[in-house]
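Please treat every number below as a calculation from the coordinates, not as lab data. Just so it is clear, the structure is predicted and the values come from calculations on it, not from any experiment. Quick reminder, even Gly has a Cβ in these numbers, built from the backbone with ideal geometry, and neighbours come from all protein chains shown.
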Amino acid sequence: MGKDVYNRRLRGGMVGGGPGAFIGPVHRMAATMDGEAEFVAGCFSRDAAKSKEAGDALHLDPARVYRSYREMAEQEAKKPAGEKLDFVSIVVTTAYHYEVARCFVEHGFNVVCDKPMTTSLEDAHALSDLVGKAGTAFVLTHNYTGYPMVKEARHRVATGELGRVNKVVVEYPQGWLSQLVEGGASEISMWRMDPAQAGPSNCTGDIGIHAENLCRYVTGLEIDEVCAEASSFIPDHKLDDDSMMLLRFKGGAKGILYASQISSGEENGLNIRVYGTKKGLQWWQEEPNYLVLKDPAGYQTRLSRGNPDLVCAIAKEYMRTPFGHPEGFIEAFANVYREGFKTIRAQVAGDPDPGADHPTVHDGVAGLAFIATVLESSKSDRKWTKMKS
């Protein structure tokens, strides 16, 4: 049953990521970084001319560059085993994630999807059920889980070094929309502010969901209740550009989550602080190669990704360059793909799920439950809102 998949490159397709796109090229670089995969087909834009332009730039067979994703799914599903796609990467705007993913899963394809997985919790559950019934692999690219020092942080919490976790503070401040608050202009694509493209949330759905996922990944804690306020400081915009919330976790820990796109001067300041009864830790996305451990006596230990004597075996597995050579965003994305490919190869070969370390369709459901809870809490007069499931 396709055991040759362990001895060849995986064949990938892509939907979205055409001329001018940011995240599509990121996915292509990440997926091919380790030589495990190549892209051989795609529908890169709803504009057939732009899709052809992208296919030409990638030197693809013109016959495998499609005018629509439905045509692509139908035609690629007819290919013989030696040519059929092993996975499809979905990098369209959020509003189309569900329908595109559903189409390819229904045609039997493994899927790699950008986050958030869908625009509604209802669609997230429907897609999760469909993936379960189809038996296909589903990889969700919460790329921050791919950083070695995030895995180190997770290891330190899981082994009990911090003691019982009592407090979690996670922040994701950006400032790229701040100039619009008083009528300025932005050169960045504004599709995230359009409900028809982004769904019911901008800030919470775009970056707040990353903060929630990072919190859950590092600590293993599940949110029980949320007290939230999602705001729009930009005049005449319907979606949130700032959100803040108090968190109650199952088991008794408490937390604070803040996400913002109008925090002037901030770039991509995702960071997490975890405080236990024995120690605390902190990780910053803008200095991703370091993890700080703090103890009650006032000592701080700054762990470097490149020092093999200080980090665990799990973190070492994801390090790509020697001591002193920084790794970052693309490499973390590549680590998610590398783990995802373990699951995809096993699926193609008919082997048991290897339990690889990558976000799945279930993380996608958790993310949409978080967004839905935050928005409900923000609109409610009640102080606390139970986390949806």
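Per-structure values
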quantity: With 5 Å bins from 0: P(r) over region 154-255, alpha-carbon pairs, percent; calculated: 2, 11, 20, 20, 14, 11, 9, 7, 4, 1
quantity: Cβ crowding within 10 Å averaged over residues, with 7-14, 298-305 ranked highest first; calculated: 7-14, 298-305
quantity: Computed magnitude of the charge dipole of region 256-358 (debye, nearest 20; Cβ of K, R +1, Cβ of D, E -1); calculated: 300 debye
quantity: Theoretical FRET efficiency, 1/(1+(r/R0)^6), r = Cβ-Cβ of TYR299 and ASN268, R0 30 Å, to 0.05; calculated: 0.55
quantity: Alpha-carbon centroid distance for the pair region 299-322 / region 106-136, whole angstrom; calculated: 35 Å
quantity: Projected label distance in nm at ASP381 and GLU53, using a 7 Å step from Cα toward the beta-carbon; calculated: 5.3 nm
quantity: Region 24-144: equivalent-ellipsoid semi-axes (sqrt of 5 x gyration tensor eigenvalues, Cα, Å); calculated: 22, 16, 15
quantity: Two-decimal Rg to Rh for region 32-75 - Kirkwood Rh, Cα set; calculated: 1.00
quantity: Under DSSP loop assignment and at most 10 Cβ neighbours within 10 Å, longest GluC sites (Glu not before Pro)-free interval of the chain; calculated: 188-389
quantity: CD proxy at 222 nm, helix term only [per DSSP H run n ≥ 4: -39500 (n - 2.57); per residue of the chain; nearest 500]; calculated: -9500 deg cm²/dmol
quantity: Top positive-direction residue, dipole computed over region 92-184 with Cβ charges, set CYS103, LEU140, ALA126; calculated: LEU140
quantity: Principal-axis tilt of helix 329-349 within the chain, Cα atoms, nearest 10 degrees; calculated: 50 degrees
quantity: Label-point separation, GLU229 to LYS250 (7 Å along Cα→Cβ), nm; calculated: 3.0 nm
quantity: Euclidean distance between Cα centres, region 236-257 to region 73-90, Å; calculated: 40 Å
quantity: Distant-in-sequence amide H partners of PHE39 (H built 1.01 Å from N, under 5 Å); calculated: GLY12
quantity: Over 26 Å (Cα to Cα) - which of LYS167/LYS388; LYS250/LYS383; LYS52/LYS238; LYS52/LYS133; LYS151/LYS342; LYS115/LYS151 fall in this group; calculated: LYS52/LYS238; LYS52/LYS133
quantity: For region 1-66, projected area of the alpha-carbon convex hull averaged over all directions, nm²; calculated: 4.9 nm²
quantity: In degrees, nearest ten, helix 23-32 long axis to first principal axis of the chain (Cα); calculated: 80 degrees
quantity: Largest to smallest principal axis extent of the C-alpha atoms in region 190-314, angstrom; calculated: 52, 33, 27
quantity: The chain: mean projected area of Cα convex hull, nm²; calculated: 19.9 nm²
quantity: ALA126 paired with ASP351, simple spin-label distance in nm, labels 7 Å along Cα-to-beta-carbon; calculated: 3.5 nm
quantity: Cα gyration tensor category, rounded, prolate or oblate, for region 246-389 with a/c compared to 1.5; calculated: oblate
quantity: DSSP bridge orientation in the chain - percent antiparallel, rounded to nearest 5; calculated: 60 percent
quantity: Between 0 and 90°, nearest 10: helix 97-106 axis offset from the chain longest Cα axis; calculated: 50 degrees
